[in-house]
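Visitor: Structure provided below as structure tokens; questions to follow.
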Amino acid sequence: MAVQNKRTIFLQRLVSYAVLLVFAVISIFPIWQIVNISLRPGNQLLSTVLEFIPSNATLENYVRLLSERDFFVWMGNSALISIAVTLSGVALASTAGYAFSRYQFIGKKFGLLTLLTTQMFPATMLLLPMYIMLINLELINSYIGIVIVYSATALPFCIWTMKGYYDTIPPTLEEAASIDGCSPFMTFYKVILPLAAPALVITALFSFMTAWSEYLVAAQILQDSELWTLPLGLKSFEASMSTEWGLYGAASLIVMVPVVVLFLLLSRYLISGLTLGSVKG
Amino acid sequence: MSSRKWFVAALIAPAILVMAFVVFYPFIYNVFLAFGNMNLSRIRDWELVGFRQFVKIFTEPSQPGFYVIFLKTVIWTAANVFFHVVIGVFLALILNQHLQGRSAFRTLLILPWAIPQYIVALTWRGMFNYEYGSINLIITKYLGLPAVEWLKSPTEAFLAIIMTNVWLGFPFMMVIALGALQSIPHELYEAADIDGAKWHQKLRAITLPLIRPVMIPAITLGVIWTFNNLNIVWLVSNGGEPSDNTHILVSFVYKAAFNFYSFSNAAALSLIIFFILLAFSLFFMKKSRATEAAY
């Protein structure tokens, strides 16, 4: 009996590891593809050989990307837009989320439901009216236009996350602070906000990623190539008659690595924010 | 007391102002557009024409027609969410054991979620290339099968976008399921062991019912996200190629709005999508709550 038990446990582990290994390989495969393509020398871009690291690997693509293309311009544009979206997202969500969590006011329930409902809007439902609006206001090809659209997309999720997190902070803290003579604003700013740091990080990360990785809205609003963000620039490598795979690979890797590392580091918090937001609804 | 009221107003006003400007106003504008006849040549002198756009969408045969695209959207959503949940829960169950290198595997398996979606889409599009794409290279060299025209034939192209999105979406469900599994008290399994329960009995009687309350909202969210997933469909199929055969509703609206500039038509379609999702969410949440009470 005991022997058989040991054997089934061993077998179970073996199968578990095999399954995990298969899925890990599947998960990494496209990333390995990007690395591989970015290292290929110009004459081997359209190779039909599968090698782990291409023979005579070279950094030529990276050099060309950084010296011959507008990569730094795109990165600067993307950074500017993303930081603007992040700052406005954090400022608006941290205050509104606090009000939704702690105070009763007319239209509170309606407000929260509306925030949830916006998640069901197809992207086009806000994009098209805003696009026409931006045409009428002559804000096409301007950063103000795109920052407004991105903030609108990210805000509902951010407010829900902040509200969910504030809900977990006991209100006795505020009572204690008010007995000590703190005004509501000082209580919020000095006591509650520091405690909500993890949620602020999530809000910031989510806002930043919304702007950093967005292609379809940018493609309509930023038509002037000097204003292009990274996604538009990367897509342009593929849009021309023959795809410049080497440059695309190098650019993707540079764009991807910081975002992926940040995401992996913060994923635990991101998930708790998501479940707080959805379960408590 | 009144200073408190001012404080609340100051907290909420900026967000409400922004939301009013970027959510309410566009939404109402979209409703008006849907009942109007705006397109690129009539951007300033358009007028309300009633239900004309809706009648057109539901009755006039067009290429591709509304019902065909709707059917494709349902298949797309069902296939994706099904595989996301099945693969996600399956991997979560495996990861929930005491295995060495567990957190390393967990990190590797989250990777598809961490990469920006447009990079995922463009990279997979490259991998589906007929001659040089790695998927066909694997199929022909290691499996000895004939190469597949992934991006040029309608069915295969549709399959390609589904495969890309399944790859991208399972980590979300896995992570949610893993969180739910870890909150199940161990005593339940010990009690079941004492009673001599088999693994599938434990799965059916303990695990699945207990992760259900967490999975239901996640699945609802998954359906909404997948139904509205414009990025992957648009970028992998390069705007519906071959010849508009790979559209789901939302990508078709994007095309109607920004390639054909038939703004009112697109606005009407957007509204239809919204009401489909609203009806689904209300129905699904209500139904799952009703069955929950029966447990």
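Visitor: What are the ³J(HN,Hα) values, in whole Hz, obtained from phi via the Karplus relation 6.51 cos²θ - 1.76 cosθ + 1.60 with θ = phi - 60°, for each residue of region B:125-135 in sequence order, with x given for Gly and Pro?
Guide: 4, x, 5, 8, 4, 5, 8, 10, x, 5, 5
Visitor: Sum -39500 (n - 2.57) across every DSSP H segment of at least 4 residues in chain A, then divide by the residue count to get the 222 nm mean residue ellipticity, nearest 500. Each step should come with its number before you reach the end.
Guide: Numbers: 11 runs with 205 residues, N = 281.
Result for chain A, helices only: -25000 deg cm²/dmol.
Visitor: I'd like the chymotrypsin sites (Phe, Trp or Tyr not before Pro) in region A:29-116 restricted to DSSP loop residues with at most 16 other Cβ atoms within 10 Å, sorted by number.
Guide: A:F52, A:Y103, A:F105
Visitor: Using θ = phi - 60° and the Karplus curve 6.51 cos²θ - 1.76 cosθ + 1.60, what whole-Hz ³J(HN,Hα) does each residue of region B:8-20 get, with Gly and Pro shown as x?
Guide: Each residue of region B:8-20 in turn: 4, 4, 5, 5, 8, 4, x, 5, 5, 4, 5, 4, 4 Hz.
Visitor: Find the relative contact order for chain A and round it to a whole percent, using C-alpha pairs within less than 8 Å whose residues are 6+ positions apart.
Guide: It comes to 30 percent, rounded to a whole number.
Visitor: What order do you get for B:I12, B:I248 when you list them from fewest to most C-beta neighbours inside 10 Å?
Guide: On the way: B:I12 22, B:I248 28.
The order, fewest Cβ neighbours first, is B:I12, B:I248.
Visitor: Further question on the same structure: Listing A:R13, A:R7 from the residue with the fewest other Cβ atoms within 10 Å to the one with the most, what is the order?
Guide: Arranged by neighbour count, lowest to highest, A:R13, A:R7 become A:R7, A:R13.
Visitor: Related question: Taking trypsin sites (Lys or Arg not before Pro) that fall in a DSSP loop and have at most 15 other Cβ atoms within 10 Å as cut points, what is the longest piece of chain B between them? Present the calculation step by step, with values, prior to reporting the outcome.
Guide: Working: sites that count: B:R44, B:K152, B:K198.
It works out to B:45-151.
Visitor: Once label points are set 7 Å from the Cα along Cα→Cβ at both A:I254 and A:T58, what is their separation, rounded to one decimal in nm?
Guide: Using points 7 Å along Cα→Cβ, the separation is 1.8 nm.
Visitor: Now for a different question. Amide H to amide H, which residues 5 or more places from B:G36 or on other chains are under 5 Å from it, using H placed in the peptide plane?
Guide: Counting only residues 5 or more places away or on other chains, the set is B:V49.
Visitor: Could you give each residue of region B:163-178 its phi-based ³J(HN,Hα) in whole Hz, using Karplus coefficients 6.51, -1.76, 1.60 with θ = phi - 60°, and x for Gly or Pro?
Guide: For region B:163-178, the Karplus-derived couplings read 4, 4, 6, 5, 4, 6, x, 5, x, 4, 5, 4, 5, 4, 5, 4 Hz, x marking Gly and Pro.
Visitor: Also, I was wondering about something else. Can you give the percent of C-alpha pairs in the protein assembly as shown whose distance is more than 34 Å?
Guide: More than 34 Å apart: 46 percent of the Cα pairs in the protein assembly as shown.
Visitor: If you put +1 on each Lys and Arg Cβ and -1 on each Asp and Glu Cβ, how big is the dipole of region B:68-294 around its Cα centre, in Debye rounded to 20?
Guide: 200 debye
Visitor: From other protein chains only, count the Cβ atoms within 10 Å of every residue's Cβ in A:108-115, then give the mean.
Guide: Mean number of neighbouring Cβ atoms from other chains: 2.
Visitor: At 222 nm, what helix-only mean residue ellipticity would chain B give, in deg cm²/dmol to the nearest 500, using -39500 (n - 2.57) for each DSSP H run of four or more?
Guide: -23000 deg cm²/dmol
Visitor: Per 0.36 nm of contour for each residue apart, how much would the distance between B:A10 and B:Y130 grow if the chain were fully extended, relative to their Cα-Cα spacing?
Guide: Numbers: separation 120, 0.36 × 120 = 43.20 nm, distance 5.83 nm.
Extending this stretch completely gives an extra 37.4 nm.
Visitor: Same structure again: For B:D45 and B:F24, compute 0.36 nm times the residue count separating them, minus their Cα-Cα distance, and round to one decimal in nm. Each step should come with its number before you reach the end.
Guide: Numbers: separation 21, 0.36 × 21 = 7.56 nm, distance 2.31 nm.
Taking B:D45 through B:F24 to full extension adds about 5.3 nm, to one decimal.
Values quoted throughout were computed directly from the atomic coordinates according to the rules given, and no laboratory measurement underlies them. Small disclaimer: the values here were computed from a predicted structure and weren't measured. For neighbour counting, all protein chains shown are included, and Cβ atoms are generated from backbone atoms with ideal geometry for every residue, glycine included.
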